[in-house]
Amino acid sequence: MATRGSFSNRLGFVLAAAGSAVGLGNIWKFPFEVALGGGAAFVLMYLLFCFLLCFPVMVTEVTIGRKTQKNPVGAFTALGFKNWRFIGVLGLVAGVVILSFYNVIAGWAFGYFVEMASGNFAVSQNFGAFTSDWVKVGLYAIVFMFFTAFFVSKGVSGGIERLAKILMPSLIVMILILVGYSFTLPNAMEGVKFYLIPDVSAINIGTIGGALRQAFFSLSLGMGALITYGSYLSKNDNIVSSSAFITLADVGIAFIAGLMIFPLVAYNNGGDMSMVQSDQAGPGLIFITLPGVFETLGPGLGAFIGAFFFLLLSFAALTSTVSLLEVPVSYAVDELRMRRKPAVIVVAIIIFVVGIPSLLANGASDFFGTAFKLPRSSDFLSLVAGLADIMLLFGGFLIVSFAAFIWKKHNLHEEIASGYEGYENTFVKKGISFLITFLCPFILAILFVLVLLDNFFGIALI
Ligand code: PFF
């Protein structure tokens, strides 16, 4: 039987997992969620959730993966709890659902890059016309899925890890250049203030739920992506410090993306940030507002910076789509005994097809664009995106609860201790116990119910 593959070293794992975490969620979604959530108060909640609730879930996922060396479904069986495999199945479904719409947006980003790089700046003036052109966006989505499938088919160290090692550092350099640039624009500080000075009175279940969903999505948690990546990690590597690094990298890049975007938005609005919430918050923030800013720089420089920005967004998306595809592929390889290449082809085609309604949801089809009205969604794409968020929260809750109460925490600690010298007597061990057996399951359960009521039934209890 073919070997399962593994990361060549800890850096490979950390960069690939950080690559999974850092994606459209950081650069496209985070800023508009901040805008919707009212600015800095949202950022504050988000940071709190990332460190207190998500970090323990991450440690748990990686630990289960490394212990079992299996995909998320096989992992539960391997631990001896066959009845709990449904958690892995839910994760698999969530992965398919997420990639189905994520690939559409990644296709937009890539399409903007291609169009701007080839001098067609006009694409940015009419986002609606761009997304309604289903042939065009369909082609871009196919190309993006092809890239994703290509790197996944090359395997863990030869494809996923190599890609992350090149793209992650490039991404950071590109973002920093754009932050530097956006700070030189007039009114930049108004944007920074909106982003960083919290108005605590703005916190309600909308902000809390939004921040929690964003934290899970951004850290790729709750669906077993990190069980899968953890399954390729060596027993000599330190899970806690690796997870801490991944969390910091993801939060850090989202934070810096905000520093890049809000000054640009403020510049665009002449310093008036009150417009952000009403007109510009939403998926179009990056695709409408930013190109508008780039345009004011003149066609040459504007198109150059625009192309550069959308290339960056495409890079970030690619290391995430690769991790999303790897989850069902690892399942097909481990459990269905398929070879990697055919598994990649079959899964990629299925996911593309599942994504067709999302592809049509922004202008191409009236039905998929308007028939899905819920309190927090109107079209098919936002509906599945909201659904996926909920699945991640529920998955995260199930995974920590399983580890704490079914698998039992001493088993978790035993696996963490491998690669972490002296773990037994550390404060870290006590902290992880507290978070996993107490804070995470209970707070996640409560917040999950509140978010569900708010998102799907429009009932806001706080
Ligand atoms: N974390 C990715 C982002 O922020 O764009 C999205 C994602 C990737 C979510 C992988 C879940 C996942 F398993």
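Values quoted throughout were computed directly from the atomic coordinates according to the rules given, and no laboratory measurement underlies them. Note that the coordinates shown come from a computational prediction; the quantities given were computed from them, not determined experimentally. Reconstructed Cβ throughout: ideal geometry from the backbone, glycine too, with neighbour counts over all protein chains shown.
General remarks:
- The alpha carbons of region 88-153 stretch over 44, 24, 15 Å along the principal axes, in descending order.
- In terms of packing, defined here as the mean over residues of other Cβ atoms within 10 angstrom, the peptides 391-401, 316-326, 298-308 line up highest first as 316-326, 391-401, 298-308.
- Point-charge dipole on Cβ atoms (K/R +1, D/E -1) for the chain, about Cα centre, debye to 20: 1480 debye
- Hull-based mean projected area of region 313-435, where the convex hull spans the alpha carbons, in square nanometres: 11.8 nm²
- Charge tally in the Cβ shell below 12 Å around residue 5, where Lys, Arg are +1 and Asp, Glu are -1, residue 5 excluded: 0
- Shown here is the pair-distance distribution of the chain: with all Cα-Cα distances grouped in 20 Å bins from zero up to the longest one, the shares run 26, 60, 14, 0 percent.
- Helix-only CD estimate at 222 nm, as mean residue ellipticity for the chain, using -39500 (n - 2.57) per DSSP H run (n ≥ 4): -22000 deg cm²/dmol
- Taking label points 7 Å from Cα along the Cα-to-Cβ direction, residue 134 and residue 341 give a separation of 3.3 nm.
- Alpha carbon centroid spacing (whole Å) that separates region 38-72 from region 194-258: 6 Å
- Efficiency of FRET between residue 48 and residue 452 - r from beta-carbon atoms, R0 25 angstrom, step 0.05: 0.75
- Set of region 10-54 residues, backbone N closer than 17 Å to the point 7 Å along the Cα-Cβ line of residue 439: 44-54
- Peptides 195-202, 181-188, 207-214, ordered by how many other C-beta atoms sit within 10 Å of their residues on average, highest first, read 207-214, 181-188, 195-202.
- Residue order, fewest to most surrounding Cβ atoms within 10 angstrom, among 309, 49, 402: 402, 49, 309
- Under the span-like rule (Cα at least 15 Å along the axis, Kyte-Doolittle mean at least 1.0), DSSP H helices of the chain: 10-21, 85-117, 134-153, 162-183, 239-268, 299-334, 340-354, 380-401, 440-457
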